[in-house]
Every structure is written in structure tokens, then in C-alpha cells.
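This report refers to the structure that appears directly beneath it.
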Amino acid sequence: MRRWRELGPLRCHWCGVYENETKAHFELDHIIPLEDGGEDVFSNTRPLCSACHWSRNAELHRMKYFRKLDEQTEMYEGYLRELEAKKADRETKNFKETSPPW
């Protein structure tokens, strides 16, 4: 944060409020989160007021949750398609193996 302060008054990169205009606490946000492989370097940071930082983190977690949910749904749907294909294959084999009732 010190390096950002050296550039002048802090301004939230999301809502645009200046530090001297509010009593909000400012936090350093990593544009690419460290847990996602982002680097802890100046070019990967920006100041955000605490409200915007909280909102951004909540949004990131929500996106990760839904991405994981989509992956699980896709796996489940693939499993169902596989079961349906096996069922259809069995029905086709049974149909071919049995003689007609007449």
C-alpha cells in the first residue's frame, strides 16, 4: 500500500472514492489472486476500499463455486448419457437376439 500512497491520494479502483473523502479503510487487492497463481508484485495490485474489496472477494468465491458446480453438473450429465447409451445398447442387443413372437 505504501507504494500506492507514494503516487498520490488513494482512490478505489472500483467505486472511485478517494481515501480523504471517506472514513473507509483501504485494502490492497490482487488483480489475479495469489491462490490462482497471481504474483505478489505491484503491477498485480490495486487499492480498493474495504466495501469494494469485500464485494470483489465475494464475487470471486461465487464464480469459483458456480464453475465447480458447472463441472460437477457436466460430469453427472455425461454419466447419465453413458447410462442411457448402455441401456439403448442392451435393448438393441435384446431385440436382435429374441425371435419375433409370431
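Here is how the numbers come out for the structure above:
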{"read-out": "Test result for residue 92, open to solvent by less than 70 Å² (accessible area, probe 1.4 Å) and modelled with pLDDT under 85", "value": "yes"}
{"read-out": "Test set (1) part of a helix (DSSP H, G or I); (2) open to solvent by 100 Å² or more (accessible area, probe 1.4 Å); (3) modelled with pLDDT of 85 or more - residue 14 fails condition number", "value": "(1)"}
{"read-out": "Conditions (1) touching a residue at least 12 places away in the same chain (Cβ under 8 Å); (2) in contact with a His (Cβ under 7 Å, 6 or more places away or on another chain): number failed by residue 38", "value": "(1)"}
{"read-out": "Complete set of residues in the range 34-51 that are touching a helix residue (DSSP H, G or I) at 6+ places or on another chain (Cβ under 8 Å), closer than 16 Å to residue 1 by Cβ and not in a strand (DSSP E or B)", "value": "40, 42"}
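For every residue, the table says whether it meets (1) in contact with a helix residue (DSSP H, G or I) (Cβ under 9 Å, 6 or more places away or on another chain); (2) within 30 Å of residue 22 (Cα to Cα); (3) open to solvent by less than 90 Å² (accessible area, probe 1.4 Å); (4) assigned to a helix (DSSP H, G or I).
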site	(1), (2), (3), (4)
59	no, yes, yes, yes
69	no, no, yes, yes
76	no, no, no, yes
80	no, no, yes, yes
85	no, no, yes, yes
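Here is a yes/no grid of residues against (1) part of a strand (DSSP E or B); (2) exposed (fewer than 15 other Cβ atoms within 10 Å of the Cβ); (3) of a type in the set (A, V, I, L, M):
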{"site": "9", "(1), (2), (3)": "no, yes, no"}
{"site": "29", "(1), (2), (3)": "yes, no, no"}
{"site": "32", "(1), (2), (3)": "no, yes, yes"}
{"site": "53", "(1), (2), (3)": "no, no, no"}
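The values are calculated or read from the model by the stated rules, or taken from the named source; none is laboratory data. Predicted model, so just to flag it, every value in this text is computed and none were measured. Cβ sites come from the backbone with ideal geometry, for glycine too, and all protein chains shown count toward neighbours. In case anyone asks, the SASA skips ligands and DNA or RNA and just uses the protein heavy atoms, side chains included. Shrake-Rupley method; radii C 1.70, N 1.55, O 1.52, S 1.80 Å.
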